[in-house]
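So the structure is just underneath, and the comments pick up after that.
The values are calculated or read from the model by the stated rules, or taken from the named source; none is laboratory data. This one's a predicted model, so the numbers in the text were calculated from it and none came from an experiment. In this analysis, Cβ positions are derived from the backbone assuming ideal geometry, glycine residues included, and neighbour counts consider all displayed protein chains.
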Amino acid sequence: MPLIPKLERNRVEVLSGQGMIGPVGSRVILTQGWEAQIQMPLVHSNLIEVRRSGKKGRGVFARQFIRKGTVIERAPIILLPVGEVFTRGAPKMVLADYVFKWGKDMVAVALGYGSLYNHSYQPNASYDSAGWRTQVFRAIRDIEAGEEITVNYNGAPNSRRRLGFSVEK
């Protein structure tokens with residue numbers, strides 16, 4: 001199926017077919033600045049999706065009931081030297097909000113939705129290393145459909161260690 005352009009004021013919208021640009025039926029919007037924006041729901045499994053999460057920005061939410069002990073997601077990790085993300089005297093990079101410490105001089109970006117789980121001191125999920133550069137997110141209690149899935153950024157679900165930002169109650 002060919003791409004079908006739809007012309008509007010200062011932009012062209014293209015509906016994709018056969019998954020050439022994105023999933024069949026996704027929309028790609030090209031504007032005057034040559035940027036492309038794919039508009040589609042952020043869903044990559046039957047269990048979870050990304051949605052707005054109040055003052056926190058985006059978060060990961062359960063699409064269906066998730067039983068305690070269920071693996072929610074296996075996320076590959078990309079490692080970066082700390083200095084590539086945090087440079088003294090330079091403006092804070094957006095990426096800095098999505099990385100976590102990985103050893104002494106490295107930070108990690110979890111692919112999939114791994115870097116989008118929000119923090120809670122009463123989390124309903126935890127994360128653990130699962131071999132070479134892989135993080136596994138698992139339900140530590142039953143999670144209802146529509147509930148935000150959160151983890152404790154300190155690692156241990158019951159840790160109350162302070163973080164470098166204010167925590168919303």
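Determine, yes or no, whether G22 is at pLDDT below 65, in a loop (DSSP other than H, G, I, E, B), exposed (fewer than 12 other Cβ atoms within 10 Å of the Cβ) and not aliphatic (A, V, I, L, M). Spelling it out, it is not the case that G22 is at pLDDT below 65, in a loop (DSSP other than H, G, I, E, B), exposed (fewer than 12 other Cβ atoms within 10 Å of the Cβ) and not aliphatic (A, V, I, L, M). Is it the case that the range 70-85 has a residue that's touching a residue at least 40 places away in the same chain (Cβ under 8 Å) and among the acidic types (D, E)? Within the range 70-85, one or more residues are touching a residue at least 40 places away in the same chain (Cβ under 8 Å) and among the acidic types (D, E). Within the range 135-149, is even one residue touching a Pro at 6+ places or on another chain (Cβ under 6 Å) and more than 22 Å from R162 (Cα to Cα)? So far as the range 135-149 goes, no, none of its residues is touching a Pro at 6+ places or on another chain (Cβ under 6 Å) and more than 22 Å from R162 (Cα to Cα).
For the range 111-126, the tally of residues that are assigned to a strand (DSSP E or B), at pLDDT 90 or above and in contact with a Gly (Cβ under 9 Å, 6 or more places away or on another chain) stands at 1.
Within the range 127-144, restricting attention to residues that are of a type in the set (D, E) and modelled with pLDDT of 90 or more, which residue is surrounded by the most Cβ atoms within 10 Å (Cβ to Cβ)? Looking at residues that are of a type in the set (D, E) and modelled with pLDDT of 90 or more, I get D142. Within the range 88-107, residues that are farther than 17 Å from W132 by Cα reach partners that are modelled with pLDDT of 85 or more and of a type in the set (D, E) with beta carbons closer than 9 Å, at six or more positions or on different chains, in the pairs M93/E84; L95/E84. Scanning the range 86-98 for residues that are under 21 Å from T150 (Cα atoms) and over 13 Å from the mean Cα position of the chain (by Cα), we see that the one that is surrounded by the most Cβ atoms within 10 Å (Cβ to Cβ) is A96.
Can you tell me which of G54, G83 is surrounded by fewer than 16 Cβ atoms within 10 Å (Cβ to Cβ), modelled with pLDDT under 90, closer than 20 Å to F100 by Cα and not hydrophobic (A, V, I, L, M, F, W, C)?
Numbers: G54 fails: closer than 20 Å to F100 by Cα.
Of the residues listed, the single one that is surrounded by fewer than 16 Cβ atoms within 10 Å (Cβ to Cβ), modelled with pLDDT under 90, closer than 20 Å to F100 by Cα and not hydrophobic (A, V, I, L, M, F, W, C) is G83.
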